[in-house]
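A short write-up of the structure that comes next.
The values are calculated or read from the model by the stated rules, or taken from the named source; none is laboratory data. From a predicted model like this one, the values you see are computed outputs, not experimental measurements. Glycine also receives a Cβ, built like all others from the backbone with ideal geometry; neighbour counts cover every protein chain displayed.
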Amino acid sequence: MAVIPPGADPGHMDTAVIPAETPEAIEAAIAASKPRGLLRRGWEVFAENKLALASLGMLVFILLFCFIGPLIYHTDQVHTNLSQSLCPPSAAHPLGCDNLGYDQLGRLMVGGQTSLEVGFAAAIVAVLIGTLYGAFSGFIGGPVDSFLMRIVDAGLSIPYLMVVIILSVVFHPDKLIMIFVIAVFYWLGVARLVRGETLSLRTREYVQAVRVMGGGRSRAVVRHIVPNAIGTIIVQTTFAIADSILILAGLGFLGLGVQAPATDWGDMLSGGLTFLQSGTNYWWLIYPAGLAIILTCIAFNFIGDALRDAFETRLQRR
Amino acid sequence: MTGFLIRRILQALLILFLVTVFTLALVHLFPGGPIRSLLGPRATPEQVAYYNRLYGFDQPFYVQYLKWVGQLLHGNLGYSAKLNQTVTSLIAQDLPKTIVLVGLGLAVSLLFGIPLGLYQAVKRYTTGDYILTGISFLGYATPTFFVGLLLIEWFAIDIPLFPPFAPQGSTVAQILSDPRALVLPVAAYAFVLYALWSRYMRSSVMDNLVQDYVRTARAKGASERRVLWRHVFRNSLLSIITLLGLSLPTLVAGAIFVEVVFNYPGMGLAFYQAALNVDYQVLLGFTLLATLATILGNLLADVGYAVLDPRVRYT
């Protein structure tokens, strides 16, 4: 319960921070205590990490390539053109063609759009649900928390890859359904993490003060707990994006991802496997999409690491 | 301790209940219901109704659930109409082969991951550490199936050292009789796991190196070698073993990609083919088995921990 020292005057709390001294001292105190913005301090630490900066640059490049690229480099990614089937790289097709005659460079852009859009959206949906669920569960506590967490345990004990494959079989996903398929079990891990964070935050004085002042549960969770766990949440989102892209690629590779003529980077690779197993060397079916996946995921991993450092050192420097 | 055990087992039972309810509910999610997905779109409504009655899908959910759990308790995981085989016999046939692949992959990855992780922690922030960290990051970010593709491209096509296919056969003996064909699948699987173990070992050793007991050992005059091997190494290994136990079922699921890429005749490939054929009995049977193994693994790990570490019991 809230601890208010006996004799403390609640009405005095707001002004208690500024000591009553000379006007100059007060001004200096205000200037010194004026916080450099949270984002700004975070960015300073983040920018010291060269690897993270390079990753950010890489990510911007990949985004431009996938979303602006098709506006400059026009290709038909809907109609097959079998006369160009498996053509090797040339001036007209810098990365060659696949077995249906799709230009590989153009396909890399279109597939990248799917991978990135689904990756981002699935991660954000999963983190949003997981955060709210975990924060409420941890904040409410007691038997309710206990039961809510058993649901999470149950979901997490089902191997993720297997359940995602089953859901793909059931739903024949397009882009939108794919987001749901990936997120519907991913949020569980986030919920467990945020709940842990909430358990330590709910005992802090400022959260207890909300209760004393008559603030409801929702207000305490949404306005106080979640913003204070935001470091963990953002870092988790970064890793979730990389994971979602990998899962989508895996499903695409198994032929259970988005339906043709839509494609993603993993789906592009499954074509490569067929021809490798027949012993022919169509390298342009393998390297571009594979490297795109690796570069994107490495970039998100490095950025996530740097963000974690940024948020942690920000706390240390205070 | 008894209280902890009872509480923990009750928790596991609750989780078991939730998982089984979810799995049975999943049956009804299949397009058009379980029978329609089995018979296909051209079956008449009369046929679907007949089979629904035959399999009891027309009964209330709780009746279905109780009957189904009764079947499970008799070891009946379902029947694959597509393969004309019980799911249990399919598992009995494929699980040993998957265990061979996972076992070999695990052994190879641990053989490299643990010593190299230890090396990285001792020589942290040196060039060697950075290079190995880079390799682990690569392992994290590379999809398993792409590792497989690259290995086939490099070592089966560019330099034809190994066959691009895993050994075929229905028994473990047949698989093991062709060790050359096993090299690439095991290598692909081991590379991805290596990244996991080496990262974990590195951070685990680094955590242990700053513990009080290390300082005590040094203060007592123990040599650096003795501190590392007798104290730090053992304690770090303990946490790896726990992680290993917890992630074993997930590892089996993770072999799906390797098995598909190399056409390795294990549970992963069977699961994948079931997915393509919408053979829901196999999909759910395999998933349920892996889930049960996970729940059991978690329970055993927790109990084992409580036995070893008294602090756990009271939290």
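Any residue in the range A:228-243 that's away from every other protein chain (no Cβ under 14 Å): show its pairings with residues that are in a helix (DSSP H, G or I) and among the basic types (Lys, Arg) at Cβ separation under 7 Å, as long as the two are six or more apart or on different chains.
As it stands, the answer is A:Val235/A:Arg308, since those pairs meet every condition given.
Report yes if B:Asp207 is acidic (Asp, Glu) and closer than 30 Å to B:Leu90 by Cα, otherwise no.
no
Sort through A:Ser270, A:Ser244, A:Ser218 and tell me the only one that's hydroxyl-bearing (Ser, Thr, Tyr) and out of contact with any helix residue (DSSP H, G or I) (no Cβ under 8 Å at 6 or more places or on another chain).
Values: A:Ser270 fails: out of contact with any helix residue (DSSP H, G or I) (no Cβ under 8 Å at 6 or more places or on another chain); A:Ser244 fails: out of contact with any helix residue (DSSP H, G or I) (no Cβ under 8 Å at 6 or more places or on another chain).
Exactly one residue qualifies, and that residue is A:Ser218.
If B:Asn263 satisfies every condition in (1) touching a Phe, Trp or Tyr at 6+ places or on another chain (Cβ under 7 Å); (2) more than 9 Å from every other protein chain (Cβ to nearest Cβ); (3) surrounded by fewer than 16 Cβ atoms within 10 Å (Cβ to Cβ) but one, which is the exception?
If we test B:Asn263 against (1) touching a Phe, Trp or Tyr at 6+ places or on another chain (Cβ under 7 Å); (2) more than 9 Å from every other protein chain (Cβ to nearest Cβ); (3) surrounded by fewer than 16 Cβ atoms within 10 Å (Cβ to Cβ), just (2) comes out false.
For the subset of the range B:298-311 comprising residues that are more than 9 Å from chain A (Cβ to nearest Cβ) and within 18 Å of the chain's Cα centre (by Cα), which member is surrounded by the most Cβ atoms within 10 Å (Cβ to Cβ)?
Residues of the range B:298-311 that are more than 9 Å from chain A (Cβ to nearest Cβ), as a first pass: B:299-311.
Next, from what is left, pick out any that are within 18 Å of the chain's Cα centre (by Cα): B:299-301.
On the way: B:Leu299: 18, B:Leu300: 12, B:Ala301: 16.
Once the filter is applied, the top-ranked residue is B:Leu299.
For (1) modelled with pLDDT under 85; (2) more than 26 Å from the chain's Cα centre (by Cα); (3) of a type in the set (Ser, Thr, Tyr), each residue gets a yes or a no:
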position	(1), (2), (3)
B:Leu54	yes, yes, no
B:Gly78	yes, no, no
B:Asp94	no, no, no
B:Ile114	no, no, no
B:Tyr119	no, yes, yes
B:Lys123	no, yes, no
B:Trp154	no, yes, no
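Those residues that are in contact (Cβ under 8 Å) with a residue 24 or more places away in the chain and part of a loop (DSSP other than H, G, I, E, B), I need them from the range B:32-65; list them, please.
Start the filter on the range B:32-65 by keeping residues that are in contact (Cβ under 8 Å) with a residue 24 or more places away in the chain, which leaves B:33-34, B:37-38, B:57, B:61, B:64-65.
Within the range B:32-65, just B:Phe57 meets the criteria.
Has the range B:68-89 got at least one residue that is outside any strand (DSSP E or B), within 14 Å of chain A (Cβ to nearest Cβ), more than 30 Å from B:Ser136 (Cβ to Cβ) and not aliphatic (A, V, I, L, M)?
yes
For the range B:137-148: of the residues being within 20 Å of the chain's Cα centre (by Cα) and in a helix (DSSP H, G or I), which is surrounded by the fewest Cβ atoms within 10 Å (Cβ to Cβ)? Steps first, answer last, please.
Looking only at the range B:137-148, we keep the residues that are within 20 Å of the chain's Cα centre (by Cα), and these are B:139-148.
Now restrict to residues that are in a helix (DSSP H, G or I): B:139-141, B:144-148.
Values: B:Gly139: 22, B:Tyr140: 18, B:Ala141: 22, B:Thr144: 23, B:Phe145: 25, B:Phe146: 29, B:Val147: 23, B:Gly148: 27.
So, considering only residues that are within 20 Å of the chain's Cα centre (by Cα) and in a helix (DSSP H, G or I), the one surrounded by the fewest Cβ atoms within 10 Å (Cβ to Cβ) is B:Tyr140.
Restricting attention to the range B:198-205, does a residue exist that is hydrophobic (A, V, I, L, M, F, W, C), over 22 Å from A:Gly304 (Cβ atoms) and within 12 Å of chain A (Cβ to nearest Cβ)?
Step one: of the range B:198-205, the residues hydrophobic (A, V, I, L, M, F, W, C) are B:201, B:205.
Going one step further and asking which of them are over 22 Å from A:Gly304 (Cβ atoms), we end up with B:205.
Among the residues that remain, those that are also within 12 Å of chain A (Cβ to nearest Cβ) are: none.
No, that holds for no residue.
A:Phe253: modelled with pLDDT of 90 or more, of a type in the set (Phe, Trp, Tyr) and over 17 Å from A:Glu117 (Cα atoms), yes or no?
In short, yes.
Return the residues of the range B:56-76 that are over 25 Å from the mean Cα position of the chain (by Cα) and over 21 Å from B:Ala274 (Cβ atoms); say none if nothing qualifies.
B:Gly56, B:Asp58, B:Gln59, B:Pro60, B:Phe61, B:Tyr62, B:Val63, B:Gln64, B:Tyr65, B:Leu66, B:Lys67, B:Gly70
Could you pull out the residue among B:Arg180, B:Arg215, B:Arg202 that is among the charged types (D, E, K, R), without any contact (Cβ under 8 Å) to a residue 24 or more places away in the chain and closer than 25 Å to B:Val252 by Cα? Break it down stepwise before answering.
On the way: B:Arg215 fails: closer than 25 Å to B:Val252 by Cα; B:Arg202 fails: without any contact (Cβ under 8 Å) to a residue 24 or more places away in the chain.
Exactly one residue qualifies, and that residue is B:Arg180.
Quick one: count up the residues across the range B:206-225 that are surrounded by 14 or more Cβ atoms within 10 Å (Cβ to Cβ) and farther than 25 Å from B:Ala306 by Cβ. Walk me through it before giving the result.
First, the residues of the range B:206-225 that are surrounded by 14 or more Cβ atoms within 10 Å (Cβ to Cβ): B:206-209, B:214, B:217-218, B:222.
From what's left, farther than 25 Å from B:Ala306 by Cβ: B:206, B:209, B:214, B:217-218, B:222.
Matching residues across the range B:206-225 total 6.
Of all residues in the range B:11-67, how many are under 22 Å from B:Ala81 (Cβ atoms) and either away from chain A (no Cβ under 14 Å) or aromatic (Phe, Trp, Tyr) (or both)?
25
Does the range A:211-228 contain any residue that is surrounded by 21 or more Cβ atoms within 10 Å (Cβ to Cβ) and polar (S, T, N, Q)?
Looking through the range A:211-228, none of the residues is surrounded by 21 or more Cβ atoms within 10 Å (Cβ to Cβ) and polar (S, T, N, Q).
Could you check the range B:279-295 and list, in sequence order, the residues that are at the interface with chain A (Cβ under 7 Å from one of its Cβ atoms), over 10 Å from A:Ile166 (Cβ atoms) and touching a residue at least 60 places away in the same chain (Cβ under 8 Å)?
Within the range B:279-295, B:Thr291, B:Ile295 qualify.
One line per residue, one yes/no per condition, for (1) modelled with pLDDT of 90 or more; (2) in a helix (DSSP H, G or I); (3) buried (at least 17 other Cβ atoms within 10 Å of the Cβ); (4) not hydrophobic (A, V, I, L, M, F, W, C):
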site: A:Arg40; (1), (2), (3), (4): no, yes, no, yes
site: A:Val45; (1), (2), (3), (4): no, yes, yes, no
site: A:Gly57; (1), (2), (3), (4): yes, yes, no, yes
site: A:Val60; (1), (2), (3), (4): yes, yes, no, no
site: A:Leu71; (1), (2), (3), (4): no, yes, no, no
site: A:His74; (1), (2), (3), (4): no, no, no, yes
site: A:His79; (1), (2), (3), (4): no, no, no, yes
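Taking the range A:127-168 as the region of interest, how many residues are away from chain B (no Cβ under 14 Å), surrounded by fewer than 22 Cβ atoms within 10 Å (Cβ to Cβ), among the aliphatic types (A, V, I, L, M) and within 22 Å of the chain's Cα centre (by Cα)?
3
Among the residues of the range A:297-309, is there at least one that is under 25 Å from the mean Cα position of the chain (by Cα) and more than 14 Å from every other protein chain (Cβ to nearest Cβ)? Walk me through how you get there before you give the answer.
Quick first cut of the range A:297-309, residues under 25 Å from the mean Cα position of the chain (by Cα) only: A:297-309.
Of the ones still in play, those that are also more than 14 Å from every other protein chain (Cβ to nearest Cβ) are A:307, A:309.
Yes: the range A:297-309 contains one or more residues that are under 25 Å from the mean Cα position of the chain (by Cα) and more than 14 Å from every other protein chain (Cβ to nearest Cβ).
From the set of residues in the range B:164-188 that are within 14 Å of another protein chain (Cβ to nearest Cβ) and at pLDDT 85 or above, which is surrounded by the most Cβ atoms within 10 Å (Cβ to Cβ)?
First, the residues of the range B:164-188 that are within 14 Å of another protein chain (Cβ to nearest Cβ): B:164-166, B:168, B:181, B:184-185, B:188.
If we keep only those that are at pLDDT 85 or above as well, we get B:181, B:184-185, B:188.
Numbers: B:Ala181: 19, B:Leu184: 25, B:Pro185: 27, B:Ala188: 23.
The extreme case among them is B:Pro185.
Within the range B:151-163, how many residues turn out to be out of contact with any Pro (no Cβ under 8 Å at 6 or more places or on another chain), at the interface with chain A (Cβ under 9 Å from one of its Cβ atoms) and buried (at least 17 other Cβ atoms within 10 Å of the Cβ)?
1
Run down B:Ser109, B:Ser136 and say which single residue is hydroxyl-bearing (Ser, Thr, Tyr) and closer than 30 Å to B:Val19 by Cβ.
From the options B:Ser109, B:Ser136, the qualifying one is B:Ser109.
Would you tally the residues in the range A:165-180 being under 30 Å from A:Ile225 (Cβ atoms) and touching a residue at least 60 places away in the same chain (Cβ under 8 Å)? Quick ask: steps written out before the conclusion?
Kept after step one, since they are under 30 Å from A:Ile225 (Cβ atoms), are these residues of the range A:165-180: A:179-180.
Next, from what is left, pick out any that are touching a residue at least 60 places away in the same chain (Cβ under 8 Å): A:179.
So the answer is 1.
Here is a list of conditions, (1) in contact (Cβ under 8 Å) with a residue 24 or more places away in the chain; (2) more than 8 Å from chain B (Cβ to nearest Cβ); (3) crowded, with 19+ Cβ neighbours inside 10 Å, and A:Ser270 meets all of them except one; can you say which number that is?
The one condition A:Ser270 does not meet is (1).
Can you name every residue in the range B:80-133 that is closer than 30 Å to B:Gln281 by Cα, touching a Phe, Trp or Tyr at 6+ places or on another chain (Cβ under 8 Å) and surrounded by fewer than 17 Cβ atoms within 10 Å (Cβ to Cβ)?
Listed by number, the list holds a single entry, B:Gln85.
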